[in-house]
1. Looking at Ser99, Ser25, which is the one that is under 30 Å from Val165 (Cα atoms) and surrounded by 13 or more Cβ atoms within 10 Å (Cβ to Cβ)?
2. Among the residues of region 183-197 satisfying the criterion of being crowded, with 18+ Cβ neighbours inside 10 Å and at pLDDT below 95, which is farthest from Glu128 (Cα to Cα)?
3. Go through (1) touching a residue at least 24 places away in the same chain (Cβ under 8 Å); (2) more than 18 Å from His57 (Cα to Cα); (3) not in a helix (DSSP H, G or I) one by one and return the number of the condition Ile218 breaks.
4. Looking at region 99-121, is at least one residue closer than 22 Å to Phe195 by Cα, free of Cβ contacts under 8 Å to residues at least 60 places away in the same chain, in the same structural domain as Tyr143 (by TED's automatic domain parsing) and not hydroxyl-bearing (Ser, Thr, Tyr)?
5. Could you tell me which numbered condition Gly79 fails, if it satisfies all but one of (1) farther than 24 Å from Val154 by Cβ; (2) modelled with pLDDT of 95 or more; (3) in contact with an Asp or Glu (Cβ under 9 Å, 6 or more places away or on another chain)?
6. Take region 198-228 and flag every residue that is surrounded by fewer than 16 Cβ atoms within 10 Å (Cβ to Cβ) and either charged (D, E, K, R) or not assigned by TED's automatic domain parsing to the domain that holds Glu128 (or both).
7. Scan region 56-68 and tell me whether some residue there is surrounded by 15 or more Cβ atoms within 10 Å (Cβ to Cβ), in a strand (DSSP E or B) and not assigned by TED's automatic domain parsing to the domain that holds Lys18.
8. Does region 199-209 include one or more residues that are modelled with pLDDT under 95 and of a type in the set (S, T, N, Q)?
Amino acid sequence: MGRGTQGHTGNSYNPTMKTIIKERSQAAGLPKSRLPEFTPEEIVRIKGTHDCFCFNHYTTVLAFPVDYKNLQHYDADRGAGTIADRTWLDSGSGWLKVSPFGFRKILNFIKENYGNPPVIITENGVSERGVVDLNDTLRQYYYTQYINQVLKVVVDSVSSSAYLVDAVDIRGYTAWTLMDNLEWATGFEERFGLFYVNRSDPGLKRIPRASVQTYNRIIRCNGFPDPASGHECLTPPPPTMKPPGTPVLNVLLLPFLGVQLSVEEAEVGLNTTFALLVVACGAALLVGVGFCIFRRRQN
């Protein structure tokens, strides 16, 4: 959780965090803690100023203790490293492992530590990369499992008897994301969208993946009713689009360094190769100049 959260929901920073940073600062010979203290006036001013608790969630990690000695930085203050269980499903992002159980745990952590504030889940989803397949079984599994964890903790405002397990005040949920987009440094290689964007098409055609129907059914059913109940939401709506389930055949693939890549992936690869070439040339030039200066001084 963010270091400033406690200030809005409580009286100051988390007491454990304050103690750890203060003790580590003193051990390093600093005159005071690296963590600034709130003044009494600031505590009164910001307490309760939040409207809701908004957060993004994708994955879970396992933590283990690490002794950073007297290093003074964020990771050292945590005193921990992180790993993922090798049995968890992979995704298109190296950091994102499918671990739905952690979703329920973090929602309960928010409830128990921050006074059960109204929670809005602003991002939740999974990525894929490589060959484009509209039958995105991993994404269907991900949304089914993760949303099921949310329903275990939420209080239904319409029927208080429904989903009342952990009584976390969930007010909203946003799937990430509607369509494939630019994903930071990875560009278009990692695809999070419910809709595939064909970037080989000048019109950037949006094509629904199978997960669209899965997510649509979850919304219409407001969860996961027993199939034996015959609930009307389980009846698929009339098809308004070509049923997904087959690989995209009109994606232009280009040969690049011995592999077949889409246009956008080849573009990223070409730009990366060019950048590495520039760096290599610059390094070679610096080495050459340094060698000439060294020889001149020797003579």
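1. Criteria check complete, one pass: Ser99.
2. Phe188
3. The number of the failed condition is (3).
4. No, region 99-121 contains no residue that is closer than 22 Å to Phe195 by Cα, free of Cβ contacts under 8 Å to residues at least 60 places away in the same chain, in the same structural domain as Tyr143 (by TED's automatic domain parsing) and not hydroxyl-bearing (Ser, Thr, Tyr).
5. Gly79 satisfies all of (1) farther than 24 Å from Val154 by Cβ; (2) modelled with pLDDT of 95 or more; (3) in contact with an Asp or Glu (Cβ under 9 Å, 6 or more places away or on another chain) except (2).
6. Within region 198-228, Asp201, Lys205, Arg206, Arg220, Asp226 meet the criteria.
7. Scanning region 56-68, I find no residue that is surrounded by 15 or more Cβ atoms within 10 Å (Cβ to Cβ), in a strand (DSSP E or B) and not assigned by TED's automatic domain parsing to the domain that holds Lys18, so the answer is no.
8. There is at least one residue in region 199-209 that is modelled with pLDDT under 95 and of a type in the set (S, T, N, Q).
The values are calculated or read from the model by the stated rules, or taken from the named source; none is laboratory data. Bear in mind that the values here come from a model prediction, so they are computed numbers and not experimental data. In this analysis, Cβ positions are derived from the backbone assuming ideal geometry, glycine residues included, and neighbour counts consider all displayed protein chains.
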